[in-house]
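Quick notes on the structure that follows.
Derivation of every value follows stated rules applied to the coordinates shown; laboratory data play no part. Every value quoted in this text rests on a predicted model; they were computed, and no experiment measured them. Virtual Cβ from ideal backbone geometry, glycine too; neighbours counted across all protein chains shown.
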């Protein structure tokens, strides 16, 4: 049978191991390759969500989109993009090369988020508004694809 003092020591030791397991990865600086991997992952996700939303808008313009599906696509796109942006902005920028990547990608992610949000707000806004949104998303998607090509 374990005494009270031994139980307290075991629990404190277990808590210390868990705390160390969480703290060490947080304290260690991000490597350049780790930062680039996170940036590329965020750009991939943004490109996927922009293209998916653009295709959905194009289908809606053609009258081939059901309202509940549209709402689900926009919600999923916003949620996925927000997660990617959070992961990207949560990383420490380790050096000048990573700062260049950050400065190039951050505005593209912001544009993607703004355009997807605009699609959510533009329900029944009319064909000309949706066509403009589709063209903006196509352009942002092209810029994201170019970013990915340059940095892979």
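Simple spin-label estimate for residue 44 and residue 79 gives 2.1 nm between the two label positions (7 Å along the Cα-to-Cβ direction from each Cα). Taking other C-beta atoms within 10 Å as the exposure proxy, 152, 136 rank 152, 136 from fewest upward. Taking 35 Å as R0, compute the FRET efficiency from the Cβ-Cβ separation of residue 33 and residue 131 and round it to 0.05. With a Förster radius of 35 Å, E is 0.30. Label positions at residue 69 and residue 92, each projected 7 Å from the Cα along the C-beta direction, are separated by 4.7 nm.
Working ranking of peptides 145-151, 57-63 by packing, defined as the average number of other Cβ atoms within 10 Å per residue, highest first, is 57-63, 145-151.
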